[in-house]
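A short write-up of the structure that comes next.
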Amino acid sequence: MLVGATYPRELSLIRAVAPSLPLLIAGVGRKQGAVREAARAGMSSGGGIIVSSCRAVTHASSGPDFAEAARLATLTLHEQLTGWLLQ
């Protein structure tokens, strides 16, 4: 199920109704969705999450440094998620 990251409270309500469905959480990064709050609201023992941050990666740079900027954006999101999940 596709859900937005910009409203974690509503995301938790969706999770309550659909506890076992995997959630694709979009809107992290460029749309200012909060990674930690969205992941916390979407996680459950019965259903996992996939966090999408497409624009933050694809629009990381329009210059010749695009590959490195996209890599950095991806690594930053990964570190945010794993840092929170490992706490």
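We did not get these values from a lab; they are worked out from the coordinates using the rules stated. None of these values were measured; they are calculated from a predicted model. Cβ: placed from backbone, ideal geometry, glycine included. Neighbour counts: every protein chain shown.
Given THR6, ALA60, THR82, which one lies farthest toward the positive end of the charge dipole of the chain, if we put +1 on the Cβ of every Lys and Arg and -1 on the Cβ of every Asp and Glu?
Value computed over the given set: THR6.
Mind checking the angle between helix 66-85 and the chain's longest principal axis? C-alpha axes, 0 to 90 degrees, to the nearest 10.
Relative to the chain, helix 66-85 is tipped by roughly 30 degrees.
How much length is gained if the chain between SER20 and TRP84 is pulled fully straight, taking 0.36 nm per residue apart and subtracting their Cα-Cα distance, in nm to one decimal?
20.9 nm
What is the order of SER45, SER20, SER52, fewest Cβ neighbours within 10 Å to most?
SER45, SER20, SER52
With everything on Cα atoms, drop me the angle between helix 8-17 and the longest principal axis of the chain, reported from 0 to 90° to the nearest 10.
So the inclination is approximately 40 degrees.
Within the stretch 32-68, whose backbone N sits under 18 Å from a point 7 Å along Cα→Cβ of THR74?
Flagged as within label range: 50-68.
Length gain on complete extension for the stretch ASP65 to ARG36, per 0.36 nm per residue less the alpha carbon to alpha carbon distance?
7.6 nm
If you work out volume of the Cα convex hull per residue in Å³ from the coordinates, which of (i) 99; (ii) 76; (iii) 219 do you get?
Computed from the coordinates, volume of the Cα convex hull per residue in Å³ corresponds to (ii).
Identify the trypsin sites (Lys or Arg not before Pro) of the chain meeting these criteria: DSSP loop state and at most 14 other C-beta atoms within 10 Å of the C-beta.
LYS31
Rounded to the nearest 500, what is the 222 nm mean residue ellipticity of the chain from helices alone, with -39500 (n - 2.57) per DSSP H run of 4+ residues and division by all residues?
Roughly -15000 deg cm²/dmol at 222 nm, from the helical runs in the chain.
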